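*Asks:* Attaching a single structure in structure tokens format; questions to follow.
The values are calculated or read from the model by the stated rules, or taken from the named source; none is laboratory data. Just so we're clear, the structure is a prediction, and the values are computed from it rather than from any experiment. In this analysis, Cβ positions are derived from the backbone assuming ideal geometry, glycine residues included, and neighbour counts consider all displayed protein chains.
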Amino acid sequence: ADLVVGYMGAPFGWQWIVVRNPTGQEMLDLVNAQLETQPVASEGDRKSAVQQSIPAYDKGVTLPMWAAKLMGVFIEKIGPKGLEYARFSIDSHFTRNYLYVKRNHPDKLEEHVPDYAKRIVSQYKLPE
């Protein structure tokens, strides 16, 4: 993609734009005057939020829908925001998936987890 538009980590009602190459910049330049922009925000600490979730990820806990919605409200109110929320989402998904493969298919862990994911997961204290 030359230009990526998304919402994860953006304030409610906003989206973010990533220009990936010169063609993307040309595309953005065509509409830039019609856009309202603001700087990317980032607040909070994703690492502590991910670390606190690791025991549940390790046990493969699945929350009932009502609890998942409540957790979403909790994270929205006091959790990481903006760019730090997007990073939290990536780190937590990689960590959860890493622990799933380790628990259910340990023989495939090295083969199935790419190096970039291992670098992210290595930032956290995992159960033995």
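*Asks:* Of all residues in region 104-123, which are assigned to a loop (DSSP other than H, G, I, E, B) and closer than 11 Å to Phe94 by Cα? Don't jump to the end; show me each part of the working.
*Replies:* Filtering region 104-123 down to residues assigned to a loop (DSSP other than H, G, I, E, B) leaves 105, 113-114, 122-123.
The answer is Val113, Pro114, Ser122.
*Asks:* Given the condition within 25 Å of Gly13 (Cβ to Cβ) and either among the hydroxyl-bearing types (Ser, Thr, Tyr) or surrounded by 13 or more Cβ atoms within 10 Å (Cβ to Cβ) (or both), answer yes or no: does some residue in region 59-72 qualify?
*Replies:* yes
*Asks:* Here are some residues: Gly24, Gly9, Gly13. Which one is surrounded by fewer than 12 Cβ atoms within 10 Å (Cβ to Cβ) and either over 19 Å from the mean Cα position of the chain (by Cα) or at pLDDT below 95 (or both)?
*Replies:* Testing whether each residue is surrounded by fewer than 12 Cβ atoms within 10 Å (Cβ to Cβ) and either over 19 Å from the mean Cα position of the chain (by Cα) or at pLDDT below 95 (or both) leaves just Gly13.
*Asks:* For Val40, are the conditions met, namely being touching a Gly at 6+ places or on another chain (Cβ under 9 Å), closer than 23 Å to Ala1 by Cβ and loosely packed, with under 15 Cβ neighbours inside 10 Å? Let's see the steps before the verdict.
*Replies:* Working: touching a Gly at 6+ places or on another chain (Cβ under 9 Å): yes; closer than 23 Å to Ala1 by Cβ: yes; loosely packed, with under 15 Cβ neighbours inside 10 Å: yes.
The answer is yes for Val40.
*Asks:* A follow-up question, please. Filter region 49-68 for residues that are assigned to a helix (DSSP H, G or I) and aliphatic (A, V, I, L, M); which is modelled with the lowest pLDDT? Show your work before the answer.
*Replies:* So the first thing to find is which residues in region 49-68 are assigned to a helix (DSSP H, G or I), and the list is 49-59, 65-68.
Filter again for aliphatic (A, V, I, L, M), leaving 49-50, 54, 56, 65, 67-68.
Values: Ala49: 91, Val50: 95, Ile54: 95, Ala56: 90, Met65: 94, Ala67: 90, Ala68: 86.
Ranking the candidates gives Ala68 first.
*Asks:* Looking at Leu126, is it farther than 27 Å from Trp16 by Cα, in a loop (DSSP other than H, G, I, E, B) and either at pLDDT below 95 or outside the structural domain of Tyr7 (by TED's automatic domain parsing) (or both)? Outline the logic, then answer.
*Replies:* Working: farther than 27 Å from Trp16 by Cα: yes; in a loop (DSSP other than H, G, I, E, B): yes; either at pLDDT below 95 or outside the structural domain of Tyr7 (by TED's automatic domain parsing) (or both): yes.
Judged against the criteria, Leu126 is a match.
*Asks:* Ok, one more. For region 79-97, give me each residue that is assigned to a helix (DSSP H, G or I), touching a residue at least 24 places away in the same chain (Cβ under 8 Å) and either of a type outside the set (Asp, Glu) or within 18 Å of Gly60 (Cα to Cα) (or both). Give the derivation first.
*Replies:* Taking region 79-97 and keeping what is assigned to a helix (DSSP H, G or I), we get 83-97.
Then keep just the ones that are touching a residue at least 24 places away in the same chain (Cβ under 8 Å); that gives 83-92, 94-96.
Scanning region 79-97 gives Leu83, Tyr85, Ala86, Arg87, Phe88, Ser89, Ile90, Asp91, Ser92, Phe94, Thr95, Arg96.
*Asks:* Right, here's the next one. Mind listing whichever residues of region 2-19 are without any contact (Cβ under 8 Å) to a residue 24 or more places away in the chain and on the phi > 0 side of the Ramachandran plot? Before you say what the answer is, go through the steps one by one.
*Replies:* Taking region 2-19 first, the residues without any contact (Cβ under 8 Å) to a residue 24 or more places away in the chain are 4-7, 12-13, 15, 17-19.
Residue satisfying the conditions is Gly13 alone.
*Asks:* Something else now. I'm trying to understand the selection: among the residues of region 22-55, which are touching a strand residue (DSSP E or B) at 6+ places or on another chain (Cβ under 9 Å) and polar (S, T, N, Q)?
*Replies:* Passing the criteria: Thr23, Gln25, Thr37, Ser42.
*Asks:* Mind telling me which of the residues Pro64, Pro22, Pro55, Pro39 ends up being touching a residue at least 40 places away in the same chain (Cβ under 8 Å) and out of contact with any helix residue (DSSP H, G or I) (no Cβ under 6 Å at 6 or more places or on another chain)? It would help to see each step written out before you state the result.
*Replies:* Working: Pro64 fails: touching a residue at least 40 places away in the same chain (Cβ under 8 Å); Pro22 fails: touching a residue at least 40 places away in the same chain (Cβ under 8 Å); Pro39 fails: touching a residue at least 40 places away in the same chain (Cβ under 8 Å).
Being touching a residue at least 40 places away in the same chain (Cβ under 8 Å) and out of contact with any helix residue (DSSP H, G or I) (no Cβ under 6 Å at 6 or more places or on another chain) holds for just one of Pro64, Pro22, Pro55, Pro39, which is Pro55.
*Asks:* So Lys69 fits all but one of (1) within 17 Å of Tyr124 (Cβ to Cβ); (2) charged (D, E, K, R); (3) more than 11 Å from the chain's Cα centre (by Cα); what number is the exception?
*Replies:* (1)
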